[in-house]
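Working notes, beginning with the structure itself.
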Amino acid sequence: VTRADRLAELIAERDLDALLVSDLANIRYLSGFTGTNALCLVGGERRLFLTDFRYVTQAAAQVDGFERAEGRQDLLREAAAPMAGRVGFDDAHLSVRQHRRLSELAPDGVELVPAAGLVEQLRAVKEPAELDAIRASAALTDDILAYVVDRGLVGHSEREVAIDLEREMRVRGGDPSFPTIVASGPHGALPHAEPRDVDIVANVLVTVDLGAIVDGYCSDCTRTFATGPLPAEAAEVYQLVHETQGRALGEVRAGASGKEVDAAARKLIADAGHGDHFGHGLGHGVGLEIHEGPRLSPLSEDTLAAGNVVTVEPGVYVPRQHGVRIEDLVIVADGECEVVSGFSKTLIVVE
Ligand code: ZN
Ligand code: ZN
């Protein structure tokens, strides 16, 4: 049974005749294609893969289990031609313009139905080979964090450090899965801080958040370092986040809801008086994309299942003072979860 076969079952359960798959990560997941322009039409026995002239040769080498055809420009004309009945489309990704064009091109009698999330539902539960790629990606991220300790932080700008870490990652066989965050002192109070041309000084906290892509699969890991002895408040915040992160990991298991795992961590932080300083969700799924399902957050409606891969990343951000985030990548299992981030979480001083 292929991934497309399992998708076809979900399509049938939704009373759809076919699904137009337009998101490139979803297309890669289903077909193996890694180029930047393609569409798939899946349903019943149909497995149609469309790309343009530039990718015909690449698709012949990569795409398995699909009838391949060449289309022009946005490929919508060729995708619409064989449509019949109720056809789902990805309302989370298709643009309003593409949707209008698809409506014009679809044969009479075709009903276009919003149906985002079906491929994502399959992608959330990883297969063994996908888990191996994620483990390798996480191991590379660990290596880069060890490299941070060796290379030092004080006297280098945040930007210089971020560029160096990304370069080192590429040398060691991965690509960054998102722009590396290096945020020192008060700047660390911004959860998505951009590295600045500002030198890192002694006796502050430095948050380093980075991830790799190996064999198409992402990793995501954050550690917060100290550049020397810290003021008491900064050290306390570190201890709080460290303890919260460890306890939140203990809540991650198949069957737990994303909302309750998040709530457990949130309560510990609120009880310590930092309830207003943890404004983002506890974690997110990771796979072909750096942010995917399931989510661990106050708004999550997801329930964790064995084979999910999620981050657990509580943070405390005290405006104008400092911030701490500690993030591990975790494979959800029926029993104890497998933490694939291996780098130490004890506060390390890097000068
Ligand atoms: Zn991260
Ligand atoms: Zn993350």
**Request:** Consider Asp328 carefully, then state whether it is surrounded by 17 or more Cβ atoms within 10 Å (Cβ to Cβ), more than 30 Å from Tyr147 (Cα to Cα), within 16 Å of ligand 2 (Cβ to nearest atom) and modelled with pLDDT of 95 or more.
**Result:** no
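If the requirement is being within 15 Å of ligand 1 (Cβ to nearest atom) and either among the hydrophobic types (A, V, I, L, M, F, W, C) or crowded, with 18+ Cβ neighbours inside 10 Å (or both), which of these qualifies: Ala193, Ala226, Ala232, Ala202?
After applying the criteria, what remains is Ala193.
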**Prompt:** Quick check, is Gly211 in contact with an Asp or Glu (Cβ under 6 Å, 6 or more places away or on another chain), within 16 Å of ligand 1 (Cβ to nearest atom), in contact (Cβ under 8 Å) with a residue 12 or more places away in the chain and not hydroxyl-bearing (Ser, Thr, Tyr)?
**Reply:** yes
**Complete:** Residue pairs within 6 Å by beta carbon, gap of at least six or interchain, first lying in segment 220-234 and under 18 Å from Glu313 (Cα atoms) and assigned to a strand (DSSP E or B), second of a type in the set (Lys, Arg) and within 12 Å of ligand 1 (Cβ to nearest atom), listed first then second, are Thr222/Arg325
**Request:** Could you check His192 against (1) under 19 Å from the mean Cα position of the chain (by Cα); (2) in a loop (DSSP other than H, G, I, E, B); (3) touching a residue at least 60 places away in the same chain (Cβ under 8 Å) and say which number it fails?
**Result:** (3)
**Request:** Exactly one condition in (1) crowded, with 18+ Cβ neighbours inside 10 Å; (2) part of a helix (DSSP H, G or I) is not met by Lys126; state its number.
**Result:** (2)
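So in segment 297-321, with the set limited to residues that are of a type in the set (Val, Ile, Thr) and within 12 Å of ligand 2 (Cβ to nearest atom), which one is surrounded by the fewest Cβ atoms within 10 Å (Cβ to Cβ)?
This residue is Thr311.
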**Asked** When the residues of segment 177-190 are filtered to those that are crowded, with 18+ Cβ neighbours inside 10 Å and either hydroxyl-bearing (Ser, Thr, Tyr) or at pLDDT below 95 (or both), which remaining residue is farthest from ligand 1 (Cβ to nearest atom)?
**Response** Ser184
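The values are calculated or read from the model by the stated rules, or taken from the named source; none is laboratory data. In this text the structure is predicted, and so the values were computed from the model without any measurement. Note: ideal-geometry Cβ built from the backbone for every residue, glycine included; neighbour counts use all protein chains shown.
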